[in-house]
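Heads up, the thing below is written out as structure tokens.
The values are calculated or read from the model by the stated rules, or taken from the named source; none is laboratory data. What you see is a predicted model; the values in this text were computed from it and never measured. Quick reminder, even Gly has a Cβ in these numbers, built from the backbone with ideal geometry, and neighbours come from all protein chains shown. Accessible surface areas use protein heavy atoms only, side chains included; no ligands, DNA or RNA. Shrake-Rupley method; radii C 1.70, N 1.55, O 1.52, S 1.80 Å.
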Amino acid sequence: MQSSTFLQQFFRLKIAEQMATGNKTTQKELEYQLSTGEVVEIAGYPITQNFVSSIYALKDVTALPALYQQTPLLWLETSMLPNISPVCEKGMGLLSQYFAAEFAQLQGPAWWNATELVQSPELIARSVEFLTGKTA
């Protein structure tokens with residue numbers, strides 16, 4: 001996949017979000033906002049011009065297997081299910097082909113789908129431990 005195709009698909013997330021709220025934007029408008037130093041939020045992630053420029057510099061985003069294997073990945077699945085779902089198992093199998101992936105299922109509510117604030121201390125602790133290399 002070319003980097004421009006990847007970014008086009010990524011920008012479509014923001015364009016669709018804007019359409020759902022009755023607003024209109026284009027990829028060119030989003031790229032202009034970035035070029036002026038604005039941070040554009042796409043799917044909950046703050047995107048900067050530096051990020052977009054680094055993706056464009058990749059050329060072919062699928063040609064990075066050596067980098068993938070050096071990139072640690074931690075997938076923390078929060079679920080009330082007693083066992084890993086088949087969808088998660090399949091996803092981890094695919095990711096493990098490219099990344100040094102680790103998977104852990106944590107018992108807890110689906111916080112991303114809750115209508116009230118939900119705390120997940122184990123999720124926070126495991127994330128901090130992974131990111132810092134230190135036990136929280």
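So if I check each of Lys28, Lys24, which one is closer than 14 Å to Val52 by Cα, free of Cβ contacts under 8 Å to residues at least 60 places away in the same chain and among the basic types (Lys, Arg)? Within the list Lys28, Lys24, the selection yields Lys28.
Only residues that are of a type in the set (S, T, N, Q), at pLDDT 85 or above and open to solvent by less than 100 Å² (accessible area, probe 1.4 Å): list them for the range 86-119, please. Scanning the range 86-119 gives a single hit, Gln105. Considering only residues that are modelled with pLDDT of 90 or more and either small (Gly, Ala, Ser) or within 16 Å of the chain's Cα centre (by Cα) (or both), which ones fall in the range 9-36? Phe11, Arg12, Leu13, Lys14, Ala16, Ala20, Gly22, Ser35 - these are the residues of the range 9-36 that are modelled with pLDDT of 90 or more and either small (Gly, Ala, Ser) or within 16 Å of the chain's Cα centre (by Cα) (or both).
A quick yes/no check of all residues on (1) at pLDDT 80 or above; (2) within 25 Å of Ala101 (Cα to Cα); (3) out of contact with any helix residue (DSSP H, G or I) (no Cβ under 8 Å at 6 or more places or on another chain); (4) assigned to a strand (DSSP E or B):
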position: Glu38; (1), (2), (3), (4): yes, no, yes, no
position: Pro46; (1), (2), (3), (4): yes, yes, yes, yes
position: Phe51; (1), (2), (3), (4): yes, yes, yes, no
position: Ile55; (1), (2), (3), (4): yes, yes, no, no
position: Ala63; (1), (2), (3), (4): no, yes, yes, no
position: Ala66; (1), (2), (3), (4): no, yes, yes, no
position: Gln69; (1), (2), (3), (4): no, yes, yes, no
position: Trp75; (1), (2), (3), (4): yes, yes, no, yes
position: Thr78; (1), (2), (3), (4): yes, yes, no, yes
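The C-beta contact set for the range 110-136 (first residue in contact (Cβ under 8 Å) with a residue 40 or more places away in the chain and farther than 11 Å from Thr78 by Cα, second residue open to solvent by less than 80 Å² (accessible area, probe 1.4 Å) and not in a loop (DSSP other than H, G, I, E, B), distance under 6 angstrom, 6+ apart or interchain) comprises Arg126/Leu76; Phe130/Leu74.
Sub-9 Å Cβ pairs linking a first residue in the range 41-59 that is within 9 Å of Ser3 (Cα to Cα) to a second residue that is open to solvent by less than 60 Å² (accessible area, probe 1.4 Å) and not hydroxyl-bearing (Ser, Thr, Tyr), at least 6 apart or interchain, are Ile55/Leu7; Ile55/Phe10; Ile55/Val61; Tyr56/Leu7; Leu58/Leu64, ordered by first then second residue. Considered as a group, the residues in the range 10-20 that are open to solvent by less than 90 Å² (accessible area, probe 1.4 Å) and either assigned to a strand (DSSP E or B) or of a type outside the set (A, V, I, L, M, F, W, C) (or both) include one that is nearest to Leu58 (Cα to Cα), and that residue is Lys14.
Here Thr25 passes the criteria (1) open to solvent by 60 Å² or more (accessible area, probe 1.4 Å); (2) over 29 Å from Tyr98 (Cβ atoms); (3) of a type in the set (Ser, Thr, Tyr) except the one numbered (1). When the range 123-135 is limited to residues that are open to solvent by less than 90 Å² (accessible area, probe 1.4 Å) and of a type outside the set (S, T, N, Q), the one that is modelled with the lowest pLDDT turns out to be Gly133.
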